[in-house]
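The values are calculated or read from the model by the stated rules, or taken from the named source; none is laboratory data. Predicted model only: the values in this text are computed from it and were never measured. Cβ sites come from the backbone with ideal geometry, for glycine too, and all protein chains shown count toward neighbours. Heavy atoms of the whole protein, side chains included, go into the accessibility calculation; ligands, DNA and RNA do not. Shrake-Rupley method; radii C 1.70, N 1.55, O 1.52, S 1.80 Å.
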Amino acid sequence: MEEMQMSCPNGHGEMSIQESEKEMTFRDVSIKIEVEQHVCPVCGIEASTVDQAVVIQKQISDAYRKAVHLLTGKEIIEGRKKLKLSQEALAKRMNVGIASVKRWESGMIQSKSMDHALRLALKGQTPGDNCTGNREFSISRIKLVLKQLESVLGKSILKKNDKMLFAAKYLWYADMVAHRELGESLTGSAYAALPYGPQLNNYRDLIDDIMKADESKAKSLSPEEKRIIHRIAMRFPKEQMVYDAAHKEPIWKKQPNGAIIPYSDSSELAEM
Ligand SMILES: [Zn+2]
């Protein structure tokens, strides 16, 4: 780390660099980190340079992730380098944006489902066709399918701040039924089993891109695909109906929290 001199704000002159172990509680978990800070030898006041503060933030995040059994930023970087993957290549393997990989490596805490996907990718496995339904992931196609659903439903289901609570469930049914009947999903999306139902994996990082996506760039929908979308919209004319149906699906119920729902289960859909 860059050594920077600091002066005591109480006027005692130059501070010295000291390492100490600190215990703290972060997100209800107690953690210990080795902190390098500046300390005044006279009054004992502690201060960090910007660089030191960045390191401390990373240490807190990594200590927390270690405690709750998530991959640490360090582990993600080491795993990625072992496979000689760039951040971009890892992102591609996981169907996420490069910004997500950068954030996890530099201290942002990943969700359980993304941790699962990271572990798979770092084992050299791609999420595979069973996670994407034999189709390449396409954000513009997500937008196209949502627009098509909206045109049959006669209302908007893609909303900025509802965490895709309903839109993701319509999409999930559309992708699953297409996989069951046509052998491939509509959008290539992976879905995680979350407490509030099947959810577009990593939706937090996708939502803005979906809002901005240009559906005219997507491969157009075949008549069969349009018929599936139509059936789903007719079956669930109200948002609450798609929500309730998804919560009855055994293929969602049987997955542990955060796990990817495999497309191979599409034949066991109960409500559609
Ligand atoms: Zn001082």
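List of remarks:
- Rolled with a 1.4 Å probe across the full set of protein chains, the surface gives residue 102 an accessible area near 100 Å².
- Net lengthening on full extension, residue 211/residue 4 (0.36 nm per residue, minus Cα-Cα): 70.1 nm
- Remark on the range 47-196: Rg and Dmax equal 18.2, 63 Å (Cα only).
- When you filter the GluC sites (Glu not before Pro) in the range 1-30 for DSSP loop state and at most 12 other Cβ atoms inside 10 Å of their Cβ, you are left with 2, 3.
- Sorting 182, 90, 165 by solvent-accessible area of protein heavy atoms yields 182, 165, 90, largest first, with a 1.4 Å probe.
- Ordering 61, 20 by accessible surface, largest first, gives 20, 61; the 1.4 Å probe counts only protein heavy atoms, with every chain in place.
- Rolling a 1.4 Å probe across all protein chains gives residue 26 an accessible area of roughly 60 Å².
- Counting only protein heavy atoms and using a 1.4 Å probe, the accessible area of residue 209 comes to about 70 Å².
- Span-like helix ranges in the chain, DSSP H, alpha carbon extent 30 angstrom or more, Kyte mean at least -1.0: none
- Counting only the Cα atoms, the chain fills a convex hull of 156 Å³ per residue.
- Its Cα centre serving as origin, the range 123-264 has a Cβ charge dipole (Lys and Arg +1, Asp and Glu -1) of approximately 280 debye.
- Each 10 Å bin from zero up to the one holding the largest Cα-Cα distance in the range 139-244 carries the following percent of pairs: 15, 54, 30, 1.
- According to the calculation over all Cα-Cα pairs in the range 108-162, the P(r) per 10 Å bin from zero is 19, 31, 34, 15, 1 %.
- Dipole of the range 23-109, positive end: most advanced residue of 33, 101, 68 [Cβ charges, Cα centre]: 101
- Dividing the C-alpha radius of gyration of the range 214-265 by 2.2 N^0.38 Å, with N its residue count, gives 1.46.
- Summed over the residues of the chain and divided among them, the accessible surface reaches 51 Å² per residue at a probe radius of 1.4 Å.
- Over all Cα atoms in the range 32-83, the spread is summed up by Rg and Dmax: 14.5, 49 Å.
- Förster radius 30 Å - calculated FRET efficiency between residue 51 and residue 26, Cβ distance, rounded to 0.05: 0.90
- Basic side chains Lys and Arg get +1 at the Cβ, acidic Asp and Glu get -1 at the Cβ, and with that the dipole of the chain about its Cα centre reaches some 1200 debye.
- Gyration tensor (alpha-carbon) shape descriptor, the range 1-75, a/c threshold 1.5: prolate
- Alpha-carbon centroid distance for the pair the range 238-272 / the range 89-161, whole angstrom: 18
- Heavy-atom accessible area ranking, 1.4 Å probe, most first, across 38, 116: 116, 38
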